[in-house]
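Step one of this worksheet: look at the structure below.
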Amino acid sequence: MKKIASKISYLACVVMMILAGFISVNAFAGDTKNVPEVFTVNYPLAFFAEKIAGNQAKVVFPEIDGDPAFWNPSAAQIADFQNADLILLNGATYAKWLAKVSLPESRMLDTSANFRNRLIKVHDGKTHSHGPSGEHSHAGTAFTTWLDLTLAVEQAAAIKAKLNLSESGFENLKAELLQLDKAWETEFAQLSGRPLLGSHPVYQYLDRRYGLNLKSVHWEPDVAPDQDMWNELKTLVKKHPAKVMLWEGEPLAETKALLTEMGIKSIVFDPCGNRPEKGDFLSTMNQNLQNLKMIQD
Ligand SMILES: [Zn+2]
């Protein structure tokens, strides 16, 4: 009997500790509840939202290994999105996982909806890549919208309109993006008409905005192209004699050396869809500008 009583008091003690834990968690949640939780499907949108909202929103972009466009979230990660106050989407068929899950319609914002009629259709049949995270395709709609920095401004404007916050955060961001847009325009004008290569089909909006003459293969920086891929490139450069290839990240040394032998210079132009290891969206885009300047050397 005494044993049971001590067990009951032990259980009561545990229950009280759990309750106390809940109360303190709730108290903490209560402190931050008036700040909306904003989830985003890629890093550029998170960067824009942070700049626009400052400390008036908690912006969450989950840690993702690989390209967020082809991410496969876990059930718990999907639940986090479902519980968000606002979910920022890139639109343009970005984040393929969205087609497979159910998210609250009323709390989603498609940041490219206002320029839906300017999205680029992909007609290229050769869209499969065998990267470290498996095969994927770019068929349908091109999605790297923000590499046209004027479209990036429109996406930021959509976020600003939805969050309904003061203008200053947005205006500063817009000024920085447009300044960079002009700098890219000037730099790309020097390449006007020169054939360029993209190592991956992610540069469609860049190509259109800055008047490039760019054709892409479907390679990954960290995967050595196989013989078929080299043959495809050799066929391509016969009718599109490019001397420069843009890469999402630093390519393998051997790939770079073989391209150099073909007279093709490798330049990193990082779309920055995922959070960079160092710096932020603007510093990465500025680095892209610096890398472009090396083409002229
Ligand atoms: Zn791809």
Taking R0 as 51 Å and r as the Cβ-Cβ distance between N213 and E135, the FRET efficiency 1/(1 + (r/R0)^6), rounded to the nearest 0.05, comes to 0.95
In the range 219-297, the trypsin sites (Lys or Arg not before Pro) that sit in a DSSP loop and have at most 11 other Cβ atoms within 10 Å of their own Cβ are K278
The farthest towards the positive end of the charge dipole of the range 174-296, of the residues G193, L178, A242, given +1 on Cβ of Lys and Arg and -1 on Cβ of Asp and Glu, is G193
In whole Hz, the Karplus estimates of ³J(HN,Hα) for the range 136-143 (6.51, -1.76, 1.60; θ = phi - 60°; x where Gly or Pro) are 8, 10, 10, 4, x, 10, 5, 10
The ³J(HN,Hα) series, computed from each phi in the range 247-252 with the Karplus coefficients 6.51, -1.76 and 1.60 at θ = phi - 60°, rounded to the nearest Hz and given as x for glycine or proline, is 10, 6, x, 4, x, 4
The chain, Kirkwood Rh and Cα Rg, ratio Rg/Rh at 1.10
A chain fully extended from N72 to V60 at 0.36 nm per residue, minus the present Cα-Cα distance, gains in nm 2.6 nm
Which residues qualify? For G140, with a placed amide H closer than 5 Å and at least 5 residues away or on another chain, they are V122
Taking a straight Cα-to-Cα line shorter than 12 Å from K160, and setting aside same-chain aspartates and glutamates fewer than 8 residues away, one finds E50, E171
Filtering GluC sites (Glu not before Pro) in the range 248-291 by DSSP loop and by at most 16 other Cβ atoms within 10 Å leaves E277
CD proxy, 222 nm, the chain: helix-only mean residue ellipticity via -39,500 (n - 2.57) per DSSP H run with n ≥ 4, per residue, nearest 500, stands at -14000 deg cm²/dmol
Here the percent of antiparallel bridges among DSSP beta bridges lying wholly in the chain, to the nearest 5, is 20
Once E105 and L252 are pulled to full extension, the length gained, defined as 0.36 nm per residue separation minus their Cα-Cα distance, is 48.7 nm
Any GluC sites (Glu not before Pro) in the range 134-213 that lie in a DSSP loop and have at most 13 other Cβ atoms within 10 Å would be E167
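None of the figures in this text is laboratory data; all of them are computed from the coordinates on show. All values derive from a computational prediction rather than experimental measurement. Positions of Cβ are generated from backbone atoms using ideal geometry, with glycine treated the same way; all protein chains shown enter the neighbour counts.
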